[in-house]
Amino acid sequence: MLRIPCPWCGTRDEVEFHYRGDASVSRPAAEGTPEEFTRYVYGRENPLGWHLEWWLHVGGCRRLLKVERHTLSHEIRWVGAPDQHPSAESPPQPVPQRAP
Amino acid sequence: MPSTPRSSAPASPPERTSSGRYSLWRLLREGLTGQRGWSPAWTKAAPRARYRVVVVGGGGHGLATAYYLATVHGITDVAVLERGPLGLGNVARNTTIIRSNYFLPDNVRFYEFSLKLWEGLERTLNFNAMVSQRGTLNLFHTEAQRDLFTRRANLMRLEGVDAEALSCEAVKELVPLVDLDNGRYPVLGGFLQPRGGTVRHDAVAWGYARGASEAGVDIVEHCAVTGIRHAGGRVTGVETARGFIGADVVCLAVAGYSSELARLAGLELPIETHVLQAFVTEGLKPVLDVVLTYGAGHFYISQSDKGGLVFGGAIDGYNTYGQRGTLPMVEEVAAAAVTLLPALARVKVLRQWGGVMDMSMDGSPIISKTPLEGLILNGGWCYGGFKAIPAGGFTTAHLIAHGTPHPVAAHFDLGRFAAGRTVDERGVGPYPYLH
């Protein structure tokens, strides 16, 4: 069971959220090449490790969250708004540690 | 692979023990002589420095590929590398169902090819895989669903595949446990493929391993691949836990980990890794003699020959390499089980497990060359890899041996995504969490 710390609602069970896929994929500019658009639609880094992903808090604030989660331990180390990025400018949220 | 020269002659083959032919006569003889005449079914080989073909992954597809390379195409200079012991990945984690009741004609043809190979598999391998064609029954609960299943059955029959529509009464007779008059999801009827069924999954890995080993393939366990070497756009071999192994062709058959292995070669695949859970109950007397799938939820169930009810549902729905699964899906599967078969409420679940799988962007597998010459990919099996093992191995071996795809699997090429020829059985689009 994932426990996702929503910045607006607090920590909630995964059943309140809908997964919406890889958040590291970004849409190319309109004049992008077909290869860039193919990569945007179909390419996935799919790492065994830290993964940036979208979760929609349908059972709560209905906001879209950007979450950095480990794909093996399921540990969540950063949660932010869609325009934020896990970096120095947006320091990690204080996320309680959980056992894998 | 006609254009690839062999750069070095293979070293002398290692000592290879033969397990002999299995038969009723042999069983009787061994029974009377203290079972002392059996020998291991396959030889645990040490890797040589170079092979013509290296297959990464000692699961169903990897072993089947090696088996068909050796027996159909005469290419025996082959190694199968497995990171742990043989056949403990997805080939041992699925719910053992075989069927060819697909919707898209390309898929019907491919999976029917596989089902035909299943039908002759035990004779071919001289190994008891317990292929049991008990039938797969899909229930429908709405009129729209009935129309869709009827269309699917008609499409299958046009391809010469067996499919039958069952009335509510016929469903009742076949599976008396089903709650036909469920207040919310009453059963309107069923769609039966009589030739579908189950197979003992471990025996598939063992049978192919035995056949491949006897045909001259090296099966190397505890040999994790840590790198893929290439030069000038062509693969030259693999770095492993047991040293570098040179190869003209490297075939990845590591569904679940395809992205991680392809990354070693600098490739990004249209795949996400998700976990699918499965469950088995305590052993019961025979109560269910078909493979049953629920139409109002994602749930499928069959009874193993040992008596346990084996069942599963949908993927957990987010990227994970954790082979365990989480509780919300357990609850969802249990709810579907009890809604369809109320008697199951009193049955104890003995074990639950998860397998990680390649969810491709259209829900269909990838059997293809890659941009790196000599690197072949067998992956993207989503949650349907087990039933496809014979055809997946056969067509991958064909691709390696001839350099051109086998006709029944040509549409599973990697280029289909860029070209817009996706094989999307459910019409969902590139969102694995919805597949």
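Residues that are touching an Asp or Glu at 6+ places or on another chain (Cβ under 9 Å) and not in a helix (DSSP H, G or I): does the stretch B:406-421 have at least one? Scanning the stretch B:406-421 turns up at least one residue that is touching an Asp or Glu at 6+ places or on another chain (Cβ under 9 Å) and not in a helix (DSSP H, G or I).
From the set of residues in the stretch B:422-435 that are part of a helix (DSSP H, G or I) and not hydrophobic (A, V, I, L, M, F, W, C), which is surrounded by the fewest Cβ atoms within 10 Å (Cβ to Cβ)? Lay out the reasoning, then the answer.
Step one: of the stretch B:422-435, the residues part of a helix (DSSP H, G or I) are B:432-434.
Now narrow it down to the ones that are not hydrophobic (A, V, I, L, M, F, W, C): B:432-433.
Details: B:PRO432: 29, B:TYR433: 19.
My answer is B:TYR433.
Scoring B:GLY363 on the criteria (1) assigned to a helix (DSSP H, G or I); (2) within 14 Å of chain A (Cβ to nearest Cβ); (3) small (Gly, Ala, Ser) leaves a single failure, condition (1). Each residue in the stretch B:164-210 was checked for being surrounded by fewer than 21 Cβ atoms within 10 Å (Cβ to Cβ), touching a strand residue (DSSP E or B) at 6+ places or on another chain (Cβ under 6 Å) and assigned to a helix (DSSP H, G or I), and 1 pass.
List the pairs whose first member sits in the stretch B:264-277 and is within 10 Å of chain A (Cβ to nearest Cβ) and touching a residue at least 40 places away in the same chain (Cβ under 8 Å), whose second member is assigned to a helix (DSSP H, G or I) and aliphatic (A, V, I, L, M), and whose Cβ atoms are under 7 Å apart, counting only residues at least 6 apart or on separate chains? From the stretch B:264-277, the pairs are B:LEU269/B:ALA262.
Could you check, for the stretch B:311-327, whether at least one of its residues is in the same structural domain as B:THR142 (by TED's automatic domain parsing), part of a helix (DSSP H, G or I) and modelled with pLDDT under 95?
Quick first cut of the stretch B:311-327, residues in the same structural domain as B:THR142 (by TED's automatic domain parsing) only: B:311-327.
After this cut, where a residue has to be part of a helix (DSSP H, G or I) as well, the list is B:327.
In the following step, the residues that additionally are modelled with pLDDT under 95 were identified as B:327.
Checking the stretch B:311-327: at least one residue is in the same structural domain as B:THR142 (by TED's automatic domain parsing), part of a helix (DSSP H, G or I) and modelled with pLDDT under 95.
So that you can scan it fast, the table gives a plain yes or no per residue for (1) part of a loop (DSSP other than H, G, I, E, B); (2) modelled with pLDDT of 95 or more:
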{"position": "B:LEU88", "(1), (2)": "yes, no"}
{"position": "B:VAL108", "(1), (2)": "no, yes"}
{"position": "B:TYR111", "(1), (2)": "no, yes"}
{"position": "B:LYS116", "(1), (2)": "no, yes"}
{"position": "B:LEU121", "(1), (2)": "no, yes"}
{"position": "B:THR124", "(1), (2)": "no, yes"}
{"position": "B:ASN128", "(1), (2)": "yes, yes"}
{"position": "B:ASN138", "(1), (2)": "no, yes"}
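What about B:GLU331, is it within 14 Å of chain A (Cβ to nearest Cβ) and either free of Cβ contacts under 8 Å to residues at least 60 places away in the same chain or assigned to a loop (DSSP other than H, G, I, E, B) (or both)? It is true that B:GLU331 is within 14 Å of chain A (Cβ to nearest Cβ) and either free of Cβ contacts under 8 Å to residues at least 60 places away in the same chain or assigned to a loop (DSSP other than H, G, I, E, B) (or both). Can you find a residue that is in contact with a Lys or Arg (Cβ under 7 Å, 6 or more places away or on another chain), surrounded by fewer than 23 Cβ atoms within 10 Å (Cβ to Cβ), closer than 21 Å to B:GLY197 by Cα and away from chain A (no Cβ under 14 Å) anywhere in the stretch B:294-301? No, the stretch B:294-301 contains no residue that is in contact with a Lys or Arg (Cβ under 7 Å, 6 or more places away or on another chain), surrounded by fewer than 23 Cβ atoms within 10 Å (Cβ to Cβ), closer than 21 Å to B:GLY197 by Cα and away from chain A (no Cβ under 14 Å). Against the test of being over 23 Å from B:LEU309 (Cβ atoms) and more than 21 Å from the chain's Cα centre (by Cα), the options B:ALA153, B:ALA209, B:ALA170 yield a single qualifying residue, B:ALA153. Considering only residues in the stretch B:211-223 that are in contact with a helix residue (DSSP H, G or I) (Cβ under 8 Å, 6 or more places away or on another chain) and outside any loop (DSSP other than H, G, I, E, B), the one that is farthest from B:VAL56 (Cα to Cα) turns out to be B:GLY211. Could you check, for the stretch A:9-20, whether at least one of its residues is out of contact with any Asp or Glu (no Cβ under 8 Å at 6 or more places or on another chain), acidic (Asp, Glu) and either assigned to a loop (DSSP other than H, G, I, E, B) or surrounded by fewer than 16 Cβ atoms within 10 Å (Cβ to Cβ) (or both)? Yes, the conditions are met somewhere in the stretch A:9-20.
For the stretch A:38-49, the tally of residues that are surrounded by 14 or more Cβ atoms within 10 Å (Cβ to Cβ) and more than 7 Å from chain B (Cβ to nearest Cβ) stands at 3.
Of the set (1) facing chain B (nearest Cβ under 9 Å); (2) surrounded by 15 or more Cβ atoms within 10 Å (Cβ to Cβ); (3) aliphatic (A, V, I, L, M), all apply to A:MET1 but (2). Take the stretch B:261-293 and flag every residue that is in contact with a Lys or Arg (Cβ under 8 Å, 6 or more places away or on another chain) and either of a type in the set (D, E, K, R) or in a loop (DSSP other than H, G, I, E, B) (or both). Matches in the stretch B:261-293: B:GLU268, B:LEU269, B:PRO270, B:GLU272, B:GLU282, B:ASP289, B:VAL290.
Looking only at the stretch A:60-88, filter to residues that are part of a loop (DSSP other than H, G, I, E, B) and within 12 Å of chain B (Cβ to nearest Cβ); which one of those is farthest from A:CYS6 (Cα to Cα)? Lay out the reasoning, then the answer.
Let us first name the residues in the stretch A:60-88 that are part of a loop (DSSP other than H, G, I, E, B), namely A:60-63, A:71-75, A:81-88.
If we keep only those that are within 12 Å of chain B (Cβ to nearest Cβ) too, we end up with A:71-75.
On the way: A:THR71: 19, A:LEU72: 21, A:SER73: 19, A:HIS74: 16, A:GLU75: 14 Å.
The residue in question is A:LEU72.
The set of residues from the stretch B:90-106 being touching a Lys or Arg at 6+ places or on another chain (Cβ under 9 Å) and either more than 30 Å from B:LEU155 (Cα to Cα) or assigned to a loop (DSSP other than H, G, I, E, B) (or both) comprises B:ASN94, B:THR96, B:ARG99, B:SER100, B:ASN101, B:TYR102, B:PHE103.
If you check B:ARG346 against the conditions, is it among the charged types (D, E, K, R) and more than 10 Å from every other protein chain (Cβ to nearest Cβ)?
On the way: among the charged types (D, E, K, R): yes; more than 10 Å from every other protein chain (Cβ to nearest Cβ): yes.
Criteria met by B:ARG346.
Might you check whether a residue that is farther than 22 Å from B:ASN182 by Cβ, under 19 Å from the mean Cα position of the chain (by Cα) and among the aliphatic types (A, V, I, L, M) occurs anywhere in the stretch B:293-309? No; the residues of the stretch B:293-309 include none that is farther than 22 Å from B:ASN182 by Cβ, under 19 Å from the mean Cα position of the chain (by Cα) and among the aliphatic types (A, V, I, L, M).
The values are calculated or read from the model by the stated rules, or taken from the named source; none is laboratory data. This one's a predicted model, so the numbers in the text were calculated from it and none came from an experiment. Heads up, the Cβs are rebuilt from the backbone with ideal geometry, glycines too, and the neighbour counts pull from every protein chain shown.
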